[in-house]
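Working notes, structure below.
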Amino acid sequence: MKRIIIAIDGPAASGKSTTAKLLARKLRYLYLDTGAMYRACALAAKRQNIDIDDSEALKGLMDSIQIKIQYSELGNITLLDSEDVSLAIREPEISLLASAISAKAVVRTKMVELQREMGKAGGVILDGRDIGTVVFPEAELKIFLVAPVQIRAQRRFLELQDKGLNPIFEEVLSELKERDLADSSRALAPLIPARDAIEIDTGQLSIEGQVAKLYQYYQKRMAGL
Ligand code: DC
């Protein structure tokens with residue numbers, strides 16, 4: 001059976017990574033979390049004290065770091081210069097910095113190239129902001145997930161609590177709003193649905209419901225190929 005490229009885009013905490021991971025397991029596809037790659041860039045900039053508005057310094061950083069995603073049963077492992085940074089990149093501070101650094105052309109060019117290389121053979125689900133519009137506009141199935149910001153903030157709040165952190169709901173909410181605005185209003189590869197993307201509101205769906213819905217769309221698409 002043909003192994004296609006599935007693009008899942010949408011705002012933060014809309015259910016992309018959970019759904020993508022489970023659907024990938026069901027289909028025996030690879031899952032690629034592209035947000036993790038921008039987060040790793042942000043972590044590298046923070047550690048090296050790089051001002052992301054200093055284009056020379058940022059270019060130097062991008063030329064010198066190596067970002068890799070390794071696949072594991074439990075999800076993606078993000079490697080920054082061979083160090084496993086999967087946990088460090090989930091810090092709330094890194095979320096905002098990832099959003100800011102991802103607006104820079106020098107960063108996007110390198111990440112998009114890596115993503116295309118990793119996904120081109122098919123049999124892959126990528127989640128992000130610009131997968132269906134920029135990275136793989138030819139993807140056979142494009143999904144755009146949305147959900148009301150209050151619900152997304154509640155999800156992120158619980159995720160952070162599960163990790164043993166002590167989040168404040170209002171802060172989580174305002175960080176999401178800030179990122180929504182930055183990610184969708186930037187000049188380069190802004191967060192917008194591809195014209196041929198299927199929009200799904202996950203606000204009232206369970207995780208199983210989301211996976212089932214995407215699986216139905218996958219089957220429908222495969223039947224038409
Ligand atoms: O999916 P995430 O929340 O982990 O992504 C972190 C940031 O990275 C997000 O705010 C915007 C950026 N990003 C992007 O610009 N393009 C992608 N394909 C994925 C993420």
Karplus (6.51, -1.76, 1.60) ³J(HN,Hα), θ = phi - 60°, over the range 169-183, in Hz, Gly and Pro reported as x
3, 4, 6, 4, 4, 6, 5, 5, 4, 5, 5, 4, 5, 5, 5
Going down the list 26/120; 21/104; 46/177; 2/213; 46/163; 2/46, which pairs span over 32 Å between their C-alpha atoms?
2/46
Can you find, among 118, 160, 147, the residue farthest towards the positive end of the dipole of the range 100-193? Put +1 on the C-beta of Lys and Arg, -1 on that of Asp and Glu.
118
Under a 1.4 Å probe, counting only protein heavy atoms, residue 111 has an accessible area in Å², nearest 10, of 0 Å²
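State whether the range 80-225 is rounded, prolate or oblate according to the following rule on the C-alpha gyration tensor (a ≥ b ≥ c being the square roots of its eigenvalues): a/c under 1.5 gives rounded; otherwise a/b larger than b/c gives prolate, and the remaining case gives oblate.
Values: a/c = 1.63, a/b = 1.20, b/c = 1.36.
Oblate is the answer for the range 80-225, as a/c is 1.5 or above yet b/c matches or exceeds a/b.
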Report residue 47's accessible area, 1.4 Å probe, all protein chains in place, as a number in Å² to the nearest 10.
120 Å²
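If you restrict to DSSP beta bridges whose two residues both lie in the chain, what percentage is antiparallel, to the nearest 5? Write down the numbers at each step before the final one.
Working: 8 of 25 bridges.
If we restrict to bridges inside the chain, about 30 percent are antiparallel.
Based on the Cα coordinates of the range 1-109, what is the per residue volume of their convex hull in Å³? Mind showing how you got there, number by number?
Working: hull volume 12.5 nm³, N = 109.
Per residue, the Cα convex hull of the range 1-109 comes to 115 Å³.
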Whole-Hz Karplus ³J(HN,Hα) for the range 48-54, in order, using 6.51 cos²θ - 1.76 cosθ + 1.60 and θ = phi - 60°, x for Gly and Pro?
9, 6, 8, 7, 5, 8, 8
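Calculate the dipole size of the chain relative to its Cα centre from +1 charges on Lys and Arg beta carbons and -1 charges on Asp and Glu beta carbons; express the result in debye to the nearest 20. Present the calculation step by step, with values, prior to reporting the outcome.
Values: 31 positive and 31 negative charges, 193 e Å.
Dipole magnitude for the chain comes out near 920 debye.
Kirkwood-based Rg over Rh for the range 90-130 (C-alpha set), two decimals? The partial results should precede the final answer.
Working: Rg = 12.1 Å, Rh = 11.6 Å.
A ratio of 1.04.
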Would you work out the charge dipole size for the range 47-110 about its Cα centre, treating the Cβ of every Lys and Arg as +1 and the Cβ of every Asp and Glu as -1, and quote it to the nearest 20 debye?
260 debye
Once you charge only the Cβ atoms, +1 for Lys and Arg and -1 for Asp and Glu, what is the size of the charge dipole of the range 1-87 about its Cα centre, to the nearest 20 debye?
780 debye
Return the carbon/sulfur percentage of the accessible area of the range 1-138, one whole number, probe 1.4 Å, all protein chains in place.
51 percent
Where GluC sites (Glu not before Pro) fall in DSSP loop in the range 40-122, at most 12 other Cβ within 10 Å:
73
Under a 1.4 Å probe, what is the accessible area of the range 51-154 per residue, stated in Å²?
46 Å²
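The values are calculated or read from the model by the stated rules, or taken from the named source; none is laboratory data. The structure displayed is predicted, hence computed values, not measured ones. Positions of Cβ are backbone-derived with ideal geometry, glycine not excepted, and every protein chain shown enters the neighbour counts. Surface areas here come from the heavy atoms of the whole protein model, side chains and all, with no ligands, DNA or RNA. Shrake-Rupley method; radii C 1.70, N 1.55, O 1.52, S 1.80 Å.
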